[in-house]
Every structure is written in C-alpha cells, then in structure tokens.
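The structure appears below as structure tokens.
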Amino acid sequence: MIEGGCFCGEIRYQIDDGEHLAVTCHCSMCRRTSGAPFVVWLVVPKAGFGYTSGKPKLLDSSEHGRRYFCSSCGTPAACMVDSHPDFIDVTLGSLDCPETITPTQEIYTDSRLPWVMSGTEETT
C-alpha cells in the first residue's frame, strides 16, 4: 500500500501497490495551482485510490479538470481530468515516501520554463 497526505495531516489517502506511471507536468495550470515550476503526478486507477481521513476541497480548474487540495494547509493532493476518467493523478510530493518513485515521462514540455532542465538531460 502506498500512503500519503497533506502537510497538516488532515487529508490522508491510500493507493494500491502496483506499477504506476509518474509524469512531470509543465503546464501553466499546474504551475499556478501549485506555486511551483512543475508538478509530478502519480497516475493511479481510481478503483485503487481512496481517502482514509479528511475530505479535500474541490477546485474546478478548467472545463476538463478538477483539482483537490487540503482546505486547511493548501497542499495540492490530486487531479482528475476528462481525458483519462478511470484514473486519478496524485501529487508525488504528497506521498509519504516520494523518493521511491521516479518520473519517467514529461508532458507539456512546450510550456516548460526555460531554466528548468528536462528530467532526461544529464547535469554537469
């Protein structure tokens, strides 16, 4: 079982173990809603995800997507988009052990800030 939650602990969730895709998103909506240059999402089947405590607040961030966050501390927790309705995207940074998962894909790279290096580039 993979577990995680928000900064203050009000929101907690569990994810069934499995091979889950981790994607770095560079879109402007992720930047604005997180206050960060990009967001890494763990893409999991909705059937294998559940909140174990607390209830996140909903933000209809676009006509195609909904984001969920803690109303007490503001931690972004999850996102659901119409393009993959059977999955929920969970912020990797809200996992209890985010270091165990490595992103393997990047999306909306055309929106990547010019000073952010690709996860596939070597650093010197």
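The values are calculated or read from the model by the stated rules, or taken from the named source; none is laboratory data. Since the structure is predicted, the reported quantities are computational estimates derived from the model, not experimental observations. Quick reminder, even Gly has a Cβ in these numbers, built from the backbone with ideal geometry, and neighbours come from all protein chains shown.
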Selection from region 1-32 of residues that are without any contact (Cβ under 8 Å) to a residue 60 or more places away in the chain and out of contact with any Phe, Trp or Tyr (no Cβ under 8 Å at 6 or more places or on another chain): M1, G9, D17, G18, E19, M29, R32
Top-ranked residue in region 102-115 [being surrounded by 13 or more Cβ atoms within 10 Å (Cβ to Cβ), assigned to a loop (DSSP other than H, G, I, E, B) and at negative phi; ranked as modelled with the lowest pLDDT]: R112
Search result, residues across region 82-106 that are over 11 Å from the mean Cα position of the chain (by Cα) and within 22 Å of S62 (Cα to Cα): D82, S83, H84, P85, D86, F87, E106
Test result for L42, closer than 26 Å to E19 by Cβ, surrounded by 14 or more Cβ atoms within 10 Å (Cβ to Cβ), touching a residue at least 40 places away in the same chain (Cβ under 8 Å) and in contact with a Gly (Cβ under 6 Å, 6 or more places away or on another chain): no
Residue match in region 81-100 (condition: loosely packed, with under 14 Cβ neighbours inside 10 Å, of a type in the set (D, E), touching a residue at least 12 places away in the same chain (Cβ under 8 Å) and touching a Gly at 6+ places or on another chain (Cβ under 6 Å)): yes
Total residues in region 48-75, condition under 15 Å from the mean Cα position of the chain (by Cα) and assigned to a loop (DSSP other than H, G, I, E, B): 4
Residue list for region 50-70, filter: polar (S, T, N, Q) and either surrounded by 15 or more Cβ atoms within 10 Å (Cβ to Cβ) or at pLDDT 95 or above (or both): T52, S53, S61
Failed item in (1) closer than 17 Å to M80 by Cα; (2) exposed (fewer than 14 other Cβ atoms within 10 Å of the Cβ); (3) at pLDDT below 90; (4) small (G, A, S), with G35 passing the rest: (1)
Failed criterion for A77 (all others in (1) touching a Gly at 6+ places or on another chain (Cβ under 8 Å); (2) surrounded by 19 or more Cβ atoms within 10 Å (Cβ to Cβ); (3) farther than 19 Å from R32 by Cβ hold): (3)
Filter result (in a loop (DSSP other than H, G, I, E, B) and in contact with a helix residue (DSSP H, G or I) (Cβ under 8 Å, 6 or more places away or on another chain)) within region 16-35: D16, G18, H26, C27
